[in-house]
Each structure stands twice: as structure tokens, then as C-alpha cells.
Amino acid sequence: MPPSSSTHIQVGLQSGSQAERRVMTKVFIIGLPRTGTTSVSVALLEQGYKVAHQAFTKQAFELADVISDAPCFSDYRQLDKQFSGAKFVYLDRSLDSWVPSMQMLLSRMLVHLDDKTGRFNVILKRSFNHCFGVNRVDNTMDTEHLIRCYHAHREQVFEYFRGRDDLLSIDISEPGSLSKLINFLESDNDSIDSNILDQGFPHLNFPHLNKGRNVASWDEYKHPNKISANAAGPENRKYFDYKLADQPSNLYFNN
């Protein structure tokens, strides 16, 4: 897909028993891991969106309406340029709950994030290296280090999108947060009655998935709208040509 292309997708918006069809742009969920990316992904599957929880090929981006987690949380600047008119959703979470959850995740992932021997996809490793300094700091799981990483990422996201209306920030633990997200995603759809947006989703909340030490909820969740992170297309499993090195660093340990 060429840079700065505007990609539009047909999506079903569920309103009671009636599904409204609409045309929308790509949606990128750019919150860090353990901020609710799985819960958001599952909720949007149920709203009729095609969702990729992580995407490592051009074809995965082509097929999905919504892409969450890696590489979106590290590559949002490049994706903004790649997909004209896209919308972005930042996920906030209390540090008191995010830090231990992230430490648990890293305790399982670090061995597979090693630059040379790790078995994870190279794009996934790059995203974690960029945002958490994996393979570049002595103790990636250190509490203060993770707090600084979280703040650095959050500050850079809000600085990049300052003055724009295509970024929504939500905390999925707050009541009505799913309603707020759906309103944001559907706000530019003239074919849907505004009453649907104002009144049709007054009390929708996110499911709480990936609880505790369970980090495989997405793989276990079965849904026809799920898009594989490694979907193959006309260029097999090729990824985009952009480089993260082309952007200013958003990491305190790179400055």
C-alpha cells in the first residue's frame, strides 16, 4: 500500500438488532501493552470490526479495520503518515496496576525478545526495544524504569497529536468507556442518525480480559472477524519500508 493512502473499510455498527453499514478509515490502538489492548480488540470484534491484535505484515494492515498493540504503540508516527485520515486511540491505566502487570508480561517475554536468539517476530522485538529499551538497559523490569517509559510514551503521544481531533484517550476501567470509543469511531459517519451515537450506547463497558497472569486471551478468543498478525498477501509477508530511526526518539534512555 502506498504511503499517505486513505484506506476506507465497510464496517458493521451494531445498534440493537440492526446493523448499520458505514465507511471508515483505519483505527490504531496505541496504548502500551497491559493497558487493555486485548479487551478493546475483543469489544470491537463484537461491534463488527475486523481486528488485528498485533500486525506484522502489510496484508494484516490491509485486512483489518482496527489494529492494536505492536507495532502501533511504537510506530504511530509512521502509521499516521502511511494511512491518511486514520484515527488513534490511546489507552491510559493507573501505574499502580500497570507496572506489576507489565513486569509479569516481561518476565515471560524477555527471553524471546533477545535480538539474536529470541523467537518473537522481529517487528515485535523492535517495538519493545524502542519503548522499553529491551537489550539496552540493565534491568528492563525495574519499577522506576517502567514508570519512566510509560510517562515518556504518554508525553510523546500527546505532544505528537497536540491540536488534532483524531486522537482519543480512554481508561477502559472507567464506566462508559466503550460508549466513548464507539462515539469517537462513528462521529464522522453522516449515514448514522446522531441519536444512535448520543443514546444508543449509553452504558457500554469493556470486558476485562488478560486478567492476572493470563496473557493468551486473544489467541484463545474465537471470532470470524479476527485478522492474523502474519496474514500473507500479494507480497507474501512483507512489512512496510519505513524505519523508526527516521523519527525523533521518544525514550528517556535514548536522549
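The values are calculated or read from the model by the stated rules, or taken from the named source; none is laboratory data. Keep in mind the model is a prediction, meaning the values are calculated, not measured. All Cβ positions, even for glycine, are placed from backbone atoms using ideal geometry, and neighbour counts span all protein chains on display.
Below are the figures for this structure:
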{"read-out": "All positions within segment 232-251 that are out of contact with any Phe, Trp or Tyr (no Cβ under 9 Å at 6 or more places or on another chain) and modelled with pLDDT of 65 or more", "value": "Ala232, Gly233, Pro234, Glu235, Asn236, Lys238, Asp241, Tyr242, Lys243, Leu244"}
{"read-out": "Criterion: modelled with pLDDT of 95 or more, aliphatic (A, V, I, L, M) and closer than 17 Å to Ile182 by Cα - qualifying residue of Val23, Val42, Val27", "value": "Val27"}
{"read-out": "Identity of the residue in segment 106-124, surrounded by 13 or more Cβ atoms within 10 Å (Cβ to Cβ) and either acidic (Asp, Glu) or in contact with a Gly (Cβ under 6 Å, 6 or more places away or on another chain) (or both), that ends up farthest from Ala231 (Cα to Cα)", "value": "Asp114"}
{"read-out": "Odd one out for Ile196 among (1) in a loop (DSSP other than H, G, I, E, B); (2) at pLDDT below 65", "value": "(1)"}
{"read-out": "Failed item in (1) surrounded by fewer than 17 Cβ atoms within 10 Å (Cβ to Cβ); (2) in contact with a strand residue (DSSP E or B) (Cβ under 8 Å, 6 or more places away or on another chain); (3) modelled with pLDDT of 85 or more, with Ser191 passing the rest", "value": "(3)"}
{"read-out": "Residue check for Ser17: at pLDDT below 95, of a type in the set (Ser, Thr, Tyr) and more than 17 Å from the chain's Cα centre (by Cα)", "value": "yes"}
{"read-out": "Of residues in segment 103-153 being among the basic types (Lys, Arg) and in a loop (DSSP other than H, G, I, E, B), the one farthest from Ala52 (Cα to Cα)", "value": "Arg136"}
{"read-out": "Residue list for segment 128-154, filter: of a type in the set (D, E, K, R) and without any contact (Cβ under 8 Å) to a residue 60 or more places away in the chain", "value": "Asp138, Asp142, Glu144"}
{"read-out": "Residues (touching a residue at least 24 places away in the same chain (Cβ under 8 Å) and farther than 15 Å from Ile172 by Cα) located in segment 89-100", "value": "Val99"}
{"read-out": "Every residue from segment 162-183 that is surrounded by fewer than 19 Cβ atoms within 10 Å (Cβ to Cβ) and either among the aromatic types (Phe, Trp, Tyr) or in a loop (DSSP other than H, G, I, E, B) (or both)", "value": "Arg162, Gly163, Arg164, Asp165, Asp166, Asp171, Ser173, Glu174, Pro175, Gly176"}
